[in-house]
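No lab work stands behind these numbers, since they all come straight from the coordinates. Given the structure is predicted, the values throughout are model-derived calculations rather than measurements. We place every Cβ from the backbone using ideal geometry, glycine too, and count neighbours over all the protein chains shown.
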Amino acid sequence: MQHSGKAIRAIDQATVHRIASGQVILDLATAVKELVENALDAGASVIEVRLKEYGSELVEVADNGAGISPDNHASLALKHHTSKLEAFGDLQALSTFGFRGEALSSLCALTDLSVTTRTPSQPAGVRLTYDRRGRLIGQAAAARAAGTTVSLKDLFKPLPVRHKEFLRHLKREYAKLLTLLQAYAIISTGVRLLCTNQVGAGARSTVISTQEGSTMRDNLITVFGTRTVGAMEALPSTAQGSRLIEGFVSRASVGCARSASDRQFFFVNGRPVDLPKVGKLLNELYRSLSTSAASASKPIAILNFVMPPDSFDVNVTPDKRKVFLHEEAGLLDSLQMVLQQAWGAAQSTFATQDTL
Ligand code: ADP
Ligand code: MG
């Protein structure tokens, strides 16, 4: 085949930035995820996600964390600018959610971004605005307690096609966001996570609200309700070598009324991630151990794998949802043991109750 003979040229920087940004911030859920993770990294104990029109008009994430010091205002939203990683070697010992300095820079390309912040040592807050390339273009005094609020106005408007799709599938995007926020609400014990939404001129409604200082079980009850959590049991969190599996699963003999795949949350060291093989093992084992009534359904499950930071890699996909586990087979074996123990025990508990 003959090629067209057209010259190969470098894409201009602004276009490169837009393309790359669209890969980091895939949708409403990833946009909010990055902001919530920044608030957690800043040590916040209260995080409020405020939406207008399900997030399409305005997303605000406010925290009571460390705030951003004036030295960092200009570099805050520049690409690959981060306060969390100094050398590549630090990736091995990662304890923060962020480390690449890509989120705010990417968001600037996709929305009008502004930040209101104040550190405890500043006398007042400041509202900062940034352009599409992440350059600081405005600052004004603003009232604010210590902490940070990041606002995204008209998300995806600079990308007309994606914006149209976003508005067309708004309810689905919103549902995905809520599922993701549920994951953070459940795992972030000790943090109060709130999400509210306002539609039109209507009253602001609260969609998620956990309490500060709550346990994982408390958070589960807030998210799923007492009845659902009553049908779940805590995993015996015994260490397997340097690894620990903690969490809650549906009892073997219960069975869920509906498919629970949107109620399976997996974490590695408290970071929500996708673990398809864990999901597969979980569902297969549940089906094989359950009584017939439950055999068609999937268990609700919250599983947090606690392991040394150098035993996995989250720097695999731009949205950091995929992880490479260095000892995946061993981990799946441990999980199988823990689940068999939990579900085996549950069955015998029920058997004794039946005979009473
Ligand atoms: P990363 O989280 O990978 O460092 P981001 O683009 O998400 O990259 O954020 C850039 C920097 O902005 C962070 O390293 C942090 O110093 C600062 N920052 C962002 N959000 C907050 C916040 N809510 N509170 C305090 N600092 C923040
Ligand atoms: Mg970040």
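Going by C-beta contacts inside 10 Å, put 105, 311, 95, 75 in order with the fewest on the left.
Listed from fewest to most nearby Cβ atoms, that is 95, 75, 311, 105.
Would you list the membrane-span-like helices of the chain, meaning whole DSSP H runs whose alpha-carbon atoms span at least 18 Å along their axis and whose mean Kyte-Doolittle value is at least -0.5? Mind dumping the intermediate values first?
Working: long enough: 28-41 (20 Å, 0.47); 170-187 (26 Å, 0.60); 276-289 (20 Å, -0.29); 328-355 (41 Å, -0.01).
Those that clear 18 Å and a mean of -0.5 are 28-41, 170-187, 276-289, 328-355.
Starting from the Kirkwood Rh over alpha-carbon pairs, what translational D in µm² s⁻¹ does the chain have by Stokes-Einstein at 37 °C and 0.692 mPa s? Display every interim value, and only then the final one.
On the way: Rh = 22.1 Å.
The calculation lands on 148 µm²/s.
Search the structure for amide H atoms under 5 Å from the amide H of residue 46, placed 1.01 Å from N in the peptide plane, and list their residues when 5 or more places away or on another chain.
Here the answer is 64, 192, since their amide H atoms fall under 5 Å of that of residue 46.
Counting other C-beta atoms within 10 Å, which of 317, 149 has the fewest, and how do the rest follow?
Numbers: 317 13, 149 21.
Ordered from fewest to most neighbouring Cβ atoms within 10 Å, 317, 149 come out as 317, 149.
Could you tell me the center-to-center distance, by alpha carbons, between segment 1-39 and segment 173-231 in angstrom?
Their Cα centres are 31 Å away from one another.
For a distance above 13 Å, tell me the whole-number percent of Cα pairs in segment 191-230 that qualify. List each step's numbers first, then the result.
Numbers: 445 of 780 pairs.
Looking at segment 191-230, the distances longer than 13 Å represent 57 percent of pairs.
Taking the Cβ of each residue in 52, 280, 298 as the centre, tally the other Cβ atoms inside 10 Å and list the residues starting with the fewest. Present the calculation step by step, with values, prior to reporting the outcome.
Numbers: 52 17, 280 11, 298 22.
In order of increasing Cβ crowding within 10 Å: 280, 52, 298.
For the chain, set up a GNM with springs between Cα atoms under 10 Å and report which of 179, 189, 238 has the largest fluctuation.
Highest fluctuation of the listed residues: 238.
Among all the lysines, which ones have a C-alpha under 17 Å from residue 280's C-alpha, if same-chain residues fewer than 8 places away are not counted?
Partners found: 298, 322.
Exactly which GluC sites (Glu not before Pro) in segment 1-65 are in a DSSP loop and have at most 16 other Cβ atoms within 10 Å? Intermediate results must be reported in sequence, preceding the final value.
Working: sites: 34, 37, 48, 53, 57, 60; in loops: 57.
Filter output for segment 1-65: 57.
Within segment 1-153, how many Lys pairs sit with Cα atoms under 23 Å apart, leaving out pairs fewer than 8 places apart on the same chain? Working shown, then result.
Details: 33/52; 33/79; 33/84; 33/153; 52/153; 79/153.
So the count of such lysine pairs works out to 6.
Magnitude of the Cβ-charge dipole of segment 15-209, K/R +1 and D/E -1, about the Cα centre, nearest 20 debye? Before the final figure, lay out the partial values.
Details: 23 positive and 18 negative charges, 105 e Å.
That gives segment 15-209 a dipole magnitude of about 500 debye.
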